[in-house]
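All remarks here apply to the structure that follows.
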Amino acid sequence: SQQGEEDPQALSIQEGENATMNCSYKTSINNLQWYRQNSGRGLVHLILIRSNEREKHSGRLRVTLDTSKKSSSLLITASRAADTASYFCATAGAGSYQLTFGKGTKLSVIP
Amino acid sequence: EAGVAQSPRYKIIEKRQSVAFWCNPISGHATLYWYQQILGQGPKLLIQFQNNGVVDDSQLPKDRFSAERLKGVDSTLKIQPAKLEDSAVYLCASSHPIGEAFFGQGTRLTVV
């Protein structure tokens, strides 16, 4: 079963705007990861946040984690057309070490 | 460092035929995953290996799917016999335990 659920399912924004995607999960985790997938390509790891961390940054990416609400968000600032892709959250379960993906958010950045 | 290698990239077979996919993970990665990704959906974990032992295969349809990881390195995933609903991209990934996963380009399977 897929544990993570991303929201929204699809998002369309203008270039230069910020994009925010949310992920909710159900069980305890060791860490939560975000991936990007361009159409027809493999998944690329973006960022990993551990269960004892609350926020992490990487370039234009900002990830937050709220374990009390079992949710995470990915913020992409100053979006570019090249950011157009599907974004997935994946949870590494506490104790099980499974890496389970959500259904993804399809982001379209319009030039 | 070399990435995760998968072959073939594409495969078309008729239903009830058999097919095998191969994966060579990143050197030193103990954890290997096989995922099935149906168009428009997220990757679904089929099986996870830790070295050459199975950690989780709860979502592997064991009546038709099998996988092995010989000597804790390369892995093969087999489908026999294939059904139309098996049409998907099969993704292999590897990682250090609980770490970030590195994905191959996947094998796109079409069952006709």
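The values are calculated or read from the model by the stated rules, or taken from the named source; none is laboratory data. Computed from a prediction, not measured in an experiment: that's the story for all the values here. As a convention, Cβ positions derive from the backbone with ideal geometry for all residues, glycine included, and neighbour counts pool all protein chains shown. Side chains included, ligands, DNA and RNA excluded: accessible areas come from the protein's heavy atoms. Shrake-Rupley method; radii C 1.70, N 1.55, O 1.52, S 1.80 Å.
Quick notes on this structure:
- Answer residue from the range A:1-28, given it is part of a strand (DSSP E or B) and in contact with a Lys or Arg (Cβ under 8 Å, 6 or more places away or on another chain) and is nearest to A:ILE76 (Cα to Cα) among those: A:LEU11
- Pick from the range A:74-111, criterion more than 14 Å from every other protein chain (Cβ to nearest Cβ) and among the charged types (D, E, K, R), ranking: nearest to A:ARG36 (Cα to Cα): A:ASP83
- Total residues in the range B:100-112, condition part of a loop (DSSP other than H, G, I, E, B) and in contact (Cβ under 8 Å) with a residue 40 or more places away in the chain: 5
- Subset of the range B:3-24 [open to solvent by 10 Å² or more (accessible area, probe 1.4 Å) and under 15 Å from B:SER95 (Cβ atoms)]: B:GLY3, B:VAL4, B:ASN24
- Which numbered condition B:LEU77 misses (of (1) open to solvent by less than 20 Å² (accessible area, probe 1.4 Å); (2) part of a helix (DSSP H, G or I)): (2)
- In the set (1) away from every other protein chain (no Cβ under 11 Å); (2) within 12 Å of A:THR105 (Cα to Cα), A:THR64 fails one condition alone, (2).
- Residues of the range A:4-59 satisfying the condition of being closer than 20 Å to B:GLN59 by Cβ, modelled with pLDDT under 90 and either of a type in the set (Asp, Glu) or within 13 Å of the chain's Cα centre (by Cα) (or both): A:GLY4, A:GLU5, A:GLU6
- Checking each residue in the range B:80-94 for being outside any loop (DSSP other than H, G, I, E, B) and over 14 Å from the mean Cα position of the chain (by Cα) picks out B:LEU84, B:GLU85.
- Within the range A:69-84, the set of residues being more than 24 Å from A:ASN31 (Cα to Cα), open to solvent by 10 Å² or more (accessible area, probe 1.4 Å) and hydroxyl-bearing (Ser, Thr, Tyr) comprises A:THR84 only.
- Meets criteria (among the aliphatic types (A, V, I, L, M), touching a Leu at 6+ places or on another chain (Cβ under 8 Å) and within 14 Å of chain A (Cβ to nearest Cβ)) for B:ALA88: yes
- Counting only residues that are surrounded by 19 or more Cβ atoms within 10 Å (Cβ to Cβ) and either hydrophobic (A, V, I, L, M, F, W, C) or under 30 Å from A:GLY16 (Cβ atoms) (or both), the range A:85-102 holds 10 of them.
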